[in-house]
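Step one of this worksheet: look at the structure below.
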Protein chains: 2
Amino acid sequence: MIEIAIPIFDRLTALDAIGPYEVLSRLPGAQVRFVARDAGPVRTDNGMLGVSANLSLREAPPPDVVVVPGGLGSRRELAQEETLDWLRSSHERTRFTTSVCTGSLILGAAGILDGLEATTHWLSLEKLAEFGARPVRRRVVEAGKVITAAGVSAGIDMALLLAARIAGDTAAQAIQLGIEYDPQPPFGAGSPDTAPPAIVERLRSLSSGAADRSARPRTPIPGPP
Amino acid sequence: MIEIAIPIFDRLTALDAIGPYEVLSRLPGAQVRFVARDAGPVRTDNGMLGVSANLSLREAPPPDVVVVPGGLGSRRELAQEETLDWLRSSHERTRFTTSVCTGSLILGAAGILDGLEATTHWLSLEKLAEFGARPVRRRVVEAGKVITAAGVSAGIDMALLLAARIAGDTAAQAIQLGIEYDPQPPFGAGSPDTAPPAIVERLRSLSSGAADRSARPRTPIPGPP
């Protein structure tokens with residue numbers, strides 16, 4: 001049995017968590033558990049979706065793998081000692097400690113990225129250095145047993161790599177075929193290096209304003225992480 | 001305001017629903033609602049995740065866009081007249097009626113695919129013909145306002161195309177950049193055309209046995225849709 005814990009929180013970005021879940025839950029013998037400071041439902045960043053944590057951090061079995069998602073709510077988790085303590089003690093015995101998007105800032109706040117190469121959503125990359133990490137703009141960054149992924153959808157790629165590390169390439173490829181992950185985006189705008197510059201600038205300016213926005217983080221167009 | 005309804009049910013495949021949700025919720029003025037025959041939590045195909053439907057089908061406002069996910073539970077929905085009636089009446093006024101993975105079989109059972117080109121998870125493609133559709137093996141198939149996507153992860157590509165149809169290419173590209181959808185899978189095994197043949201055969205044989213399996217649909221390796 002492989003115990004995989006995904007700690008969730010209010011205002012997480014759903015795909016950060018669900019992408020890796022969809023991959024890792026298909027590993028032979030995997031048990032994925034959604035955990036939170038308090039068991040029960042949380043709402044996603046835009047308030048439109050409820051996802052349930054089945055166990056509190058205190059109740060969760062010690063995980064072999066941790067996957068920390070990001071989202072607007074990650075800012076609050078940065079200061080939640082209960083979350084950070086759980087990450088630190090879990091990390092002592094995990095096989096892999098991982099994150100998606102701004103989830104890496106939470107790992108950083110727990111001290112887990114000290115001196116390590118790491119990545120996050122492109123709009124938050126500089127912030128990683130504030131947490132002792134060495135920011136790298138790659139889709140997936142492996143630093144020993146600590147693996148970080150770029151924004152939101154990058155968790156799927158990270159999880160396939162992780163699946164291969166845990167169960168071998170054939171198992172990972174079978175999962176990829178099972179979820180028919182043969183991506184064909186209709187545009188090539190998924191990276192700040194390839195998107196039209198005006199769109200990159202628009203997201204940058206929305207992002208810098210996001211910290212000032214209150215309760216409901218709906219932006220007229222794709223929000224920052 | 002664009003009303004987007006995602007009907008969910010027990011034993012759905014989470015990424016089928018959450019991929020499109022993550023894209024479409026970022027459209028300007030979009031309201032994504034998770035709806036079900038009864039409001040409340042449902043469990044995903046492997047039982048590991050709870051997702052909440054906020055409204056029953058009866059309570060849901062008439063949607064402009066419908067996105068039907070798939071999963072093992074889709075088999076049960078094929079015979080649920082309440083679901084099929086809701087789909088038929090919604091379809092009369094939608095701008096787009098769409099599906100991901102075996103969600104297209106549910107559209108088919110409602111009569112919505114009659115004579116239309118459509119797609120689904122590669123393991124279920126032949127079944128589409130039983131529902132009056134013309135099966136096409138493409139990642140996303142547009143047939144007027146009816147758009148169907150291939151397995152699980154294909155919903156992300158479909159939703160970006162849909163975002164472009166609704167709000168224009170720039171809006172769709174901004175969403176793609178917001179979720180950093182610059183896919184870099186570590187293997188090229190996402191399609192039966194590119195995966196190692198032994199893996200394709202393994203999933204085919206697991207899939208043909210799936211109909212006989214009972215309560216808990218955990219396969220040792222990536223399950224069928």
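The values are calculated or read from the model by the stated rules, or taken from the named source; none is laboratory data. Predicted, not measured: the structure shown is a model, and the values here were computed from it. Glycine gets a Cβ as well: all are built from the backbone with ideal geometry, and neighbour counts include every protein chain shown.
Inside region B:5-38, residues that are β-branched (V, I, T) and touching a Pro at 6+ places or on another chain (Cβ under 6 Å) make up a count of 1. Of all residues in region B:171-212, those satisfying the criterion of being in a loop (DSSP other than H, G, I, E, B) and among the hydrophobic types (A, V, I, L, M, F, W, C) are B:I179, B:F187, B:A189, B:A195, B:A211. Summed over region B:107-150, the residues that are more than 17 Å from B:T97 (Cα to Cα) and either part of a loop (DSSP other than H, G, I, E, B) or polar (S, T, N, Q) (or both) give a count of 7.
Residues in region B:48-84 that are surrounded by fewer than 15 Cβ atoms within 10 Å (Cβ to Cβ) and basic (K, R): B:R58, B:R76. The set of residues in region A:1-34 that are under 14 Å from the mean Cα position of the chain (by Cα) and aliphatic (A, V, I, L, M) comprises A:I4, A:A5, A:I6, A:I8, A:L12, A:A14, A:L15, A:A17, A:I18, A:V23, A:L24.
Of the residues making up region B:9-42, those that are basic (K, R) and either over 25 Å from A:V23 (Cα atoms) or at the interface with chain A (Cβ under 9 Å from one of its Cβ atoms) (or both) are B:R26, B:R33, B:R37. Pull up region B:144-155, narrow it to residues that are buried (at least 24 other Cβ atoms within 10 Å of the Cβ) and more than 7 Å from chain A (Cβ to nearest Cβ), then point me to the one that is nearest to A:G190 (Cα to Cα). Here the residue is B:G155. Among the residues making up region A:48-82, those that are within 11 Å of chain B (Cβ to nearest Cβ) and over 18 Å from the mean Cα position of the chain (by Cα) are A:M48, A:N54. Looking at A:L203, A:L162, A:L177, just one residue is modelled with pLDDT of 80 or more, facing another protein chain (nearest Cβ under 7 Å) and within 22 Å of the chain's Cα centre (by Cα), and that residue is A:L203. Taken residue by residue, region A:192-199 has no member that is within 11 Å of another protein chain (Cβ to nearest Cβ) and under 16 Å from A:G19 (Cα atoms). Just one residue in the set B:D45, B:D10 is within 23 Å of B:L123 (Cα to Cα), acidic (D, E) and surrounded by fewer than 24 Cβ atoms within 10 Å (Cβ to Cβ); that residue is B:D10. Just to be sure before I move on: is B:G40 on the phi > 0 side of the Ramachandran plot and under 16 Å from the mean Cα position of the chain (by Cα) in the structure I sent? So B:G40 does not fit the description; no.
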